[in-house]
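A.B. asks: Once you've had a glance at the structure underneath, I'll fire off some questions.
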Amino acid sequence: MREDRPQTSKGNGFDGISHLYEDIGPQLERLEDVQLVTLEMDIETNQISRSRGQAVGQAVSEFLRPRTKVAAIVLSYNGAKVVGACLESLFKSSYQNLEVIVVDNGSTDGTASLVRERFPRARLISTGKNLGFAGGNNIGIAATDADIVILLNDDTTIEPDAIDAIVRFAGSDPDVGIVGCKILYPDGKTIQHAGGAVLPNGLTRHYGYGELDNGQFDRVFDVAYVTGAAIAIKREVLDRLGLLDAGYFPIYFEEVEFCERARRLGYRVVYLPRAVVYHYESQVTVKASFGFFFRYHLGRLRYVLKNFTVSRLIGFAKEELRWLRTTGFREQRWPLMLAYLRTFLKLPMILWARHRDWVRARVNPRIVKGAIDFAESALYNQLEGFSPIQQWRGSRVRAVCERARFKLLSGGLASRLNLTVAAFNGHLTRLKVYVGRRKVGEVEVADYLHTQKFDLPKDVLEGTQGRPLDIVLRAIYANGERDGAYRLALKSAWVE
């Protein structure tokens, strides 16, 4: 849960927020029973009040939905034969507050003339040369102030209700940062993409690839990444992460890295099956060539070197060697060797890009380190080693403690540490923060769901880059408290 989002923003579809309750008050009143039930469940089941937040969020989202500005950016390179169908599908969309931008990425087949003549409602931007997937899309992103940006390949078509579904879902949960679509092949029966996974050596896999669509992927779930052929990104995420990395020129892994960086900041990357897109990419020829394998592995190696931690790099080396022995060198020897060579030659620039992105994160004045959720088993009785699941009837006052250790990314602009804590009926709950052995803060936590803020000394925050930060939560309870009354959890932490 994050509490650092602005409540108003000029031009972002949230104008007139002061009159919001007058307009949607009846909807919120109908949610009153839901709130009461949810709060009762919270006490009994030790669950954070997400259902209440989602219910209210859906009501607010439903009211604000038509005001949310969406920009669909269609990147086209020599796509005169296919871009027309893509634009026609966009202009048939049921969502009205839609801006359509076509970025002609240096085409030589008359794509720009076709768009200008047949689709005057579309905004045409010509780059003059091929800037690659990231470079071309960055031009389009920079040209719009839309609240949600949808990137589409020029060889896709989109269902009329897909954008409406994206806006509804994205507005229902503030933690959702990126939304992906169910992508089918032109036959409308075969799945091309239902979210993606990243293997330990950086290889990617599309869920459902090549399977008949029998409803097996008709549920919403979080994924490691969604393909750039059809990806929706909130403006808030773009403002914090910046644009796509053009160093992946010409194509592959830009969206994988962008999703990874968004998840690193605590945003959800979600596959939404109600948003259906058809992709006319060849099922055979595109993914069976020397050029494809070379570009794919070139992007993969850059992604791994830029984003993997030391522990993940160790895992990468082990899995990569296993994969090379069993599959890689046997099926993709020459494109792999060329990709390794090119990566080695570009290693200084890749490492600089890695450093640049992490520095950019550190100096962000409001950076979410990420949700740190702990299972009940992580709680323990620090004083006497009792399980927190036991009932302590007839016993003395005891303490339940939870310790979290992570590396705090901070910079000169950071001045305050924020901790969101869920405490259940604790008679006295104390929260302590240490950098090494030095205690830098202590406070009592009295609320069910509360954000504590520590004004830390400048030298503490500036000196914690790369150093472990310990967060210790200690709850002291009176004799005879029931199970369920002394559970404690650190939900998230960030600096500002």
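Here, each number is a calculation from the coordinates, and none is a lab measurement. If you're wondering where the values come from, they're calculated on a predicted model, not measured in any experiment. Using ideal geometry, Cβ is built from the backbone for each residue, glycine included, and neighbour counts are taken over all protein chains shown.
A.B. asks: So which of Lys69/Lys306; Lys182/Lys346; Lys81/Lys129; Lys306/Lys439 end up more than 29 Å apart, counting from Cα to Cα?
C.D. replies: Correct reply: Lys69/Lys306; Lys182/Lys346; Lys306/Lys439.
A.B. asks: Taking other Cβ within 10 Å of each residue's Cβ, how do His297, His206 sort, fewest first? Could the numbers behind the result be given before it?
C.D. replies: Numbers: His297 24, His206 19.
The order, fewest Cβ neighbours first, is His206, His297.
A.B. asks: Which peptide among 343-352, 69-78, 121-130, 93-102 comes first, and what is the full order, when sorted by highest mean count of other Cβ atoms within 10 Å?
C.D. replies: Result, highest mean first: 69-78, 93-102, 121-130, 343-352.
A.B. asks: What does the convex hull of the alpha-carbon atoms of the range 192-351 project to on average, in nm²?
C.D. replies: Working: hull surface 41.2 nm².
Dividing the Cα hull surface by four gives the mean projection, 10.3 nm².
A.B. asks: Over all pairs of distinct alpha carbons, what does the Kirkwood formula give as the hydrodynamic radius of the range 153-242, in Å?
C.D. replies: After inverting the pairwise mean of 1/r, the radius is 14.2 Å.
A.B. asks: Tell me, what does the Kirkwood hydrodynamic radius of the range 68-283 come to in angstroms if you use every pair of distinct C-alpha atoms?
C.D. replies: 17.1 Å
A.B. asks: Can you put Arg356, Arg342, Arg300 in order of Cβ neighbours within 10 angstrom, beginning with the fewest?
C.D. replies: Arg356, Arg342, Arg300
A.B. asks: With θ taken as phi - 60° and the coefficients 6.51, -1.76 and 1.60, list the Karplus ³J(HN,Hα) couplings across the range 128-138 in order, rounded to whole Hz; mark glycine and proline as x.
C.D. replies: x, 7, 6, 9, x, 4, 5, x, x, 5, 4
A.B. asks: Also, quick follow-up: Share of Cα-Cα pairs in the range 291-351 beyond 18 Å, in percent? Spell out each step's value before the answer.
C.D. replies: Numbers: 642 of 1830 pairs.
Taking all Cα-Cα pairs of the range 291-351, the fraction more than 18 Å apart is 35 percent.
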